[in-house]
1. Of everything in the range 12-58, what is small (Gly, Ala, Ser), within 16 Å of the ligand (Cβ to nearest atom) and in a loop (DSSP other than H, G, I, E, B)? Give them in sequence order.
2. Please list, ordered by first then second residue, the pairs with beta carbon atoms under 9 Å, 6 or more apart or interchain, first in the range 214-232 and of a type in the set (Ser, Thr, Tyr), second more than 16 Å from the ligand (Cβ to nearest atom).
3. Do we have any residue at all in the range 236-243 that's at negative phi and over 21 Å from the mean Cα position of the chain (by Cα)?
4. Would you mention how many residues in the range 209-241 are modelled with pLDDT under 95 and part of a helix (DSSP H, G or I)?
5. Does ARG255 meet the test of being among the basic types (Lys, Arg) and within 24 Å of ALA160 (Cβ to Cβ)?
6. In the range 174-198, what residues are assigned to a helix (DSSP H, G or I) and away from the ligand (no atom under 16 Å from the Cβ)?
7. Kindly establish whether ALA60 is within 14 Å of ILE174 (Cα to Cα), of a type outside the set (D, E, K, R) and surrounded by 16 or more Cβ atoms within 10 Å (Cβ to Cβ).
8. Specify the residue that is surrounded by the most Cβ atoms within 10 Å (Cβ to Cβ); the eligible residues are those in the range 1-48 that are within 14 Å of ALA60 (Cα to Cα) and among the small types (Gly, Ala, Ser).
Amino acid sequence: MTDFHTHILPGIDDGSQNLEETRRLLAQELQQGVTHILATPHFYAGRDTEEHFFRKRERALAAVREALAADKDIRREVTPSSDPCSAEMRVEAEQKMSADADANHTDKTRSRVLHTNDETVQAGGLPGRLETAGGGNLPEPETTKSSGAGKKTVPEIRAAAEVYYFPHMGEADILPRLCMEGGNLLLVEMPFVQWTESMYRDVEKIIRKQKLTVMLAHVERYREFQKDKGVWNAVFDLPLYPQINAGSLLRFRSRGFVLKFLKAGHKVLLGSDCHHSEYRPANLAAGREVIRKKLGEEVLREMDLLGEELWEHAGK
Ligand SMILES: [Fe+2]
């Protein structure tokens with residue numbers, strides 16, 4: 001299981017601020033059976049120098065890899081083929097909260113709802129929620145306790161970036177360096193405005209001229225700005241992969257759109273877009289459970305196959 005959108009690297013953007021927080025997010029990922037993590041720190045052209053960004057990313061990645069190699073409390077036995085029990089518990093709890101919210105159209109029943117600058121997420125009140133005092137040892141996950149036949153592994157992390165759209169992006173020669181390590185998968189964050197023809201042309205150039213594999217970040221978050229659906233429809237006719245945030249499946253406001261989008265047959269990849277273990281947690285398992293219940297196991301299976309294919313072969 002792959003998380004294609006995370007802000008899990010420490011101290012590089014508005015995601016994890018230190019290695020302790022990264023450990024907590026990693027533990028959440030592992031408890032849910034995530035085996036592959038794409039680290040996608042924000043990249044804003046013109047705001048940061050390119051070399052500074054790459055230097056920071058390299059340092060952060062090295063620190064995480066070192067921690068994974070050395071810290072026995074992050075090493076886990078996981079069974080990649082199935083979601084672990086602990087994740088199911090989290091799913092049930094999150095779904096119950098979500099269903100309650102749907103029924104009442106109010107936040108009264110939620111244990112706690114936190115508003116961030118661009119998303120609303122639920123936090124707290126979930127059984128099995130991981131917490132460590134000062135980033136210390138993490139509790140033994142259910143997966144390790146229950147799956148004696150599990151495969152010893154640590155999550156594989158690859159660096160990439162969430163590249164915010166900029167004019168003439170289609171011609172920018174920095175893009176290949178911002179792709180997933182060892183591949184040509186590029187996570188592009190589109191502007192939160194009505195999309196224009198020139199934006200479309202840039203995306204098209206990235207795909208057709210630069211020959212990169214485009215994944216559009218959290219597509220559910222742009223739709224409200226697309227009063228005119230012309231460019232929107234044209235963009236999704238391009239050979240690209242929409243990425244959806246798992247959290248969007250837990251919220252009444254966005255769930256209907258996402259399920260409809262999936263039913264329309266788009267080849268979607270899931271990401272948690274995790275920033276913080278409480279405020280914007282790693283929540284892939286909960287989102288997957290909604291898909292499983294509403295659309296069936298086959299949709300998840302196809303999503304996983306696509307994910308494996310892109311992880312291994314994008315650009316090769
Ligand atoms: Fe993000």
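1. The answer is GLY15, SER16.
2. Close Cβ pairs satisfying both conditions: TYR222/VAL193; TYR222/TRP195; TYR222/TRP232.
3. yes
4. Here the count works out to 2.
5. Taking the combined requirement at face value, the residue does not satisfy it.
6. Listed by number, the residues that qualify are LEU175, PRO176, ARG177, GLU197, SER198.
7. No: the conditions fail for ALA60.
8. SER16
The values are calculated or read from the model by the stated rules, or taken from the named source; none is laboratory data. If you're wondering where the values come from, they're calculated on a predicted model, not measured in any experiment. Quick reminder, even Gly has a Cβ in these numbers, built from the backbone with ideal geometry, and neighbours come from all protein chains shown.
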